[in-house]
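Chemist: To start, I am sharing the structure in question, which I have written as structure tokens.
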2 protein chains.
Amino acid sequence: MSIALPNLEQIRDAAARIAPHAILTPVLRNAALDALAGAHLYFKCENLQRGGAFKFRGACNAVWSLSDDEARCGVVTHSSGNHGNALAMAASTRGIAAHVIVPEGAVRAKVEAIEQAGAVLHRCAPTNAAREAMAAEVQQATGAIMVHPYADTRVMAGQGTVVLELLHQSGGLDAIVTPVGGGGLMAGCAVAAHGLLPNIAMFGAEPAGASDAAQSLAQGARIEHFVPATICDGLRALVGEPNLAALREHHVAVITVSDEETIAAMRLLWQSLKLVVEVSSATVLAAVLKQPERFAGRRVGLVLTGGNVDVDALPW
Amino acid sequence: MSIALPNLEQIRDAAARIAPHAILTPVLRNAALDALAGAHLYFKCENLQRGGAFKFRGACNAVWSLSDDEARCGVVTHSSGNHGNALAMAASTRGIAAHVIVPEGAVRAKVEAIEQAGAVLHRCAPTNAAREAMAAEVQQATGAIMVHPYADTRVMAGQGTVVLELLHQSGGLDAIVTPVGGGGLMAGCAVAAHGLLPNIAMFGAEPAGASDAAQSLAQGARIEHFVPATICDGLRALVGEPNLAALREHHVAVITVSDEETIAAMRLLWQSLKLVVEVSSATVLAAVLKQPERFAGRRVGLVLTGGNVDVDALPW
């Protein structure tokens, strides 16, 4: 079954649906970073979103898109990261159950956060097959509705609300950069941005050690097997099928950055912007600083995707 | 010569005067910290202010309060910290000179930042006498106007604009907590808060190792000699004469906190609020967590004063 991309209307509906629950995050500017980049940078602070990541938008839209009858049995997903936590929080805003499938070996702090957010945890072996088998089992046993982390129309629509806010708050942009992992954020943002400004340039930032999206675009077919090797724990997922289609359709240019470049950009964001952002978020600034000629003198929106990081263990 | 406190009208004038230059900083909320404190916390993020600290407000108001004739010869201050940097930035918005007197031994990174902001540096020995002699000399030689870091009506009025914004953004509060160093922020905030809400409770947070304000209030007279011993580099100054008068007049309750309590609160702010705040800023959360009975169930504004910290050297 092919999963449809959302349209602008669905993203606007998502914005109305999540408004009572999500935070309208600020957009920050910084003279020192502008000077360094040679561009006008607008940082959309999703690290300040509920749960510390943009993921709450998509999860919340999915949960509140359900009819009462569908919602009754709760929702289920497989994610030991920000999406699992976001879905648990979103489910709690509607008073329904969230089942989260967690592979053995997942980061304990993240799993604890998901549990604290009220989810029912289901442990499985750390393989795709085990994860999918467990998901099917939980759906069968509970009737819960699957909310995929990125290959889901409602989730992509929710993530696209970032751009509706960013364009309004900035007063207009020439380009937008978001990280690319599974591609849910990128897909929603591209649809929203081109729906409002057909000529805006869209860029994805991808770790060199998880550059399946860049390679899939280059070779004209989706890579289905790839072993990621990057410090960016939020960007290790393979880009989804509908997500890759969105990247193609919206002419997204993917810039790959090394972990060293990303860590340096992360440190700059902490030091100059005074924000705690997680390493995956810093890929966007690393990308702008790596290819400054593509952004010179332009108004560039950068989505800082999250701030869920262990402040006792900094990577620099 | 006694220095007058500003009135509400002067604080409103200051708000209009600095509006073209200062950032309207966001107010953040956090469910986890609310639960921990048992109160409704509203964090005013002056770490996101221009220059990374609230100090820009007072400096900017002082600079733009001058007549063209007064402004011609520039401004001068003695501060190797956030005020020196703020005054340099404020002077540059008006295209006038800023002279900053820097004692030998000041933190090199801060001094470099002041120089980068365009100030003329004047070095002196690290004593009050040398500082004042150098200030007099610079005023004599250049005709520059002195802008004291906190015992200055224009500076206090500028700092008070924090509360005009905070009360508007929060929709009303029962209490406000700010750190107390020289007392410029506390004085301006107390006047603004009581001008708008006569019954709001005002609290100061002071490091136990620099508790001259608490002791001065307790003994009924201003302590004039005190050797501070605290990690909170922004709060080592003795509370000023007019500033102490403001604390008395506005019934400010000062809560003292240990450096350990402050460092733990700083870590909490980084981890939960996703903000880089400097250690002095964290005294406000430490104070609320130390005496929760004074804040239970109330709407409490906390001013996070700055974010100028070396991210390579965290105190935990």
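The values are calculated or read from the model by the stated rules, or taken from the named source; none is laboratory data. Note that the coordinates shown come from a computational prediction; the quantities given were computed from them, not determined experimentally. Don't worry about glycine lacking a Cβ; one is built from the backbone with ideal geometry, like all the others, and counts go over all protein chains shown.
Chemist: Restricting to the range B:266-316, count the residues that are within 21 Å of the chain's Cα centre (by Cα) and basic (K, R).
Modeler: Number of matching residues: 1.
Chemist: Another one. For residues in the range B:28-54 being within 10 Å of chain A (Cβ to nearest Cβ), touching a residue at least 40 places away in the same chain (Cβ under 8 Å) and over 25 Å from B:I114 (Cα atoms), which is farthest from the chain's Cα centre (by Cα)?
Modeler: B:A32
Chemist: Give me the pairs: first residue in the range B:61-75 and assigned by TED's automatic domain parsing to the domain that holds B:L87 and over 21 Å from B:G184 (Cβ atoms), second residue surrounded by fewer than 22 Cβ atoms within 10 Å (Cβ to Cβ) and of a type in the set (S, T, Y), beta-carbon distance under 6 Å, and six or more apart or on different chains, which are they?
Modeler: B:C73/B:T142
Chemist: Output the residue which, of all residues in the range A:183-205 that are aliphatic (A, V, I, L, M) and surrounded by fewer than 17 Cβ atoms within 10 Å (Cβ to Cβ), is farthest from A:L164 (Cα to Cα). Walk me through how you get there before you give the answer.
Modeler: Just the residues of the range A:183-205 that are aliphatic (A, V, I, L, M), to begin with: A:185-187, A:190-193, A:196-197, A:200-202, A:205.
Next, from what is left, pick out any that are surrounded by fewer than 17 Cβ atoms within 10 Å (Cβ to Cβ): A:196-197.
On the way: A:L196: 8, A:L197: 11 Å.
Checked the range A:183-205; the qualifying residue farthest from A:L164 (Cα to Cα) is A:L197.
Chemist: A further question on this structure: Give me the pairs, please: first residue somewhere in the range A:256-277 and more than 14 Å from chain B (Cβ to nearest Cβ) and under 15 Å from A:E206 (Cα atoms), second residue anywhere and among the charged types (D, E, K, R) and surrounded by fewer than 24 Cβ atoms within 10 Å (Cβ to Cβ), beta-carbon distance under 7 Å, and either six or more positions apart or on two chains.
Modeler: Final answer for the pair search is A:V257/A:K290; A:E261/A:K290.
Chemist: Of the residues A:V239, A:V180, A:V279, A:V252, which is within 20 Å of A:R294 (Cβ to Cβ), touching an Asp or Glu at 6+ places or on another chain (Cβ under 8 Å) and modelled with pLDDT of 95 or more? I'd like the intermediate steps shown before the answer.
Modeler: Values: A:V239 fails: within 20 Å of A:R294 (Cβ to Cβ); A:V279 fails: within 20 Å of A:R294 (Cβ to Cβ); A:V252 fails: touching an Asp or Glu at 6+ places or on another chain (Cβ under 8 Å).
After applying the criteria, what remains is A:V180.
Chemist: Considering only the range B:227-234, I want to know if a residue exists there that is within 14 Å of chain A (Cβ to nearest Cβ), under 14 Å from the mean Cα position of the chain (by Cα) and either crowded, with 17+ Cβ neighbours inside 10 Å or under 19 Å from B:G181 (Cβ atoms) (or both). Outline the logic, then answer.
Modeler: Residues of the range B:227-234 that are within 14 Å of chain A (Cβ to nearest Cβ), as a first pass: none.
No, there is no match, as no residue in the range B:227-234 is within 14 Å of chain A (Cβ to nearest Cβ), under 14 Å from the mean Cα position of the chain (by Cα) and either crowded, with 17+ Cβ neighbours inside 10 Å or under 19 Å from B:G181 (Cβ atoms) (or both).
Chemist: Output the residues belonging to the range B:295-313 that are farther than 19 Å from B:C189 by Cα and in contact (Cβ under 8 Å) with a residue 24 or more places away in the chain. Before the answer, list the steps.
Modeler: So in the range B:295-313, the residues farther than 19 Å from B:C189 by Cα come out as B:296-297, B:307-313.
Answer for the range B:295-313, where residues must be farther than 19 Å from B:C189 by Cα and in contact (Cβ under 8 Å) with a residue 24 or more places away in the chain: B:A296, B:G297, B:G307, B:N308, B:V309, B:D310, B:V311.
Chemist: Testing A:L314 on (1) assigned to a loop (DSSP other than H, G, I, E, B); (2) out of contact with any Leu (no Cβ under 9 Å at 6 or more places or on another chain), one condition comes back false. Which one is that?
Modeler: Exception for A:L314: condition (2).
Chemist: How many residues, within the range A:115-149, are without any contact (Cβ under 8 Å) to a residue 12 or more places away in the chain and of a type in the set (A, V, I, L, M, F, W, C)?
Modeler: The number of residues fulfilling the criteria is 4.
Chemist: Here is a further query. Select from the range B:281-314 the residues that are closer than 15 Å to B:G234 by Cα and within 14 Å of chain A (Cβ to nearest Cβ) and list them in ascending order.
Modeler: Applying the first criterion (closer than 15 Å to B:G234 by Cα) to the range B:281-314 yields B:281-284, B:303-310.
Matches in the range B:281-314: B:S281, B:A282, B:L304, B:T305, B:G306, B:G307, B:N308, B:V309, B:D310.
Residue-by-condition table, conditions (1) crowded, with 19+ Cβ neighbours inside 10 Å; (2) among the hydroxyl-bearing types (S, T, Y); (3) modelled with pLDDT under 95:
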site	(1), (2), (3)
A:N61	yes, no, no
A:S67	no, yes, no
A:E70	no, no, no
A:G74	yes, no, no
A:A98	yes, no, no
A:R108	no, no, yes
A:I114	yes, no, yes
A:T153	yes, yes, no
A:G160	yes, no, no
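Chemist: From the list B:R248, B:R267, B:R236, pick out the single residue that is farther than 28 Å from A:D312 by Cα and basic (K, R).
Modeler: On the way: B:R267 fails: farther than 28 Å from A:D312 by Cα; B:R236 fails: farther than 28 Å from A:D312 by Cα.
Exactly one residue qualifies, and that residue is B:R248.
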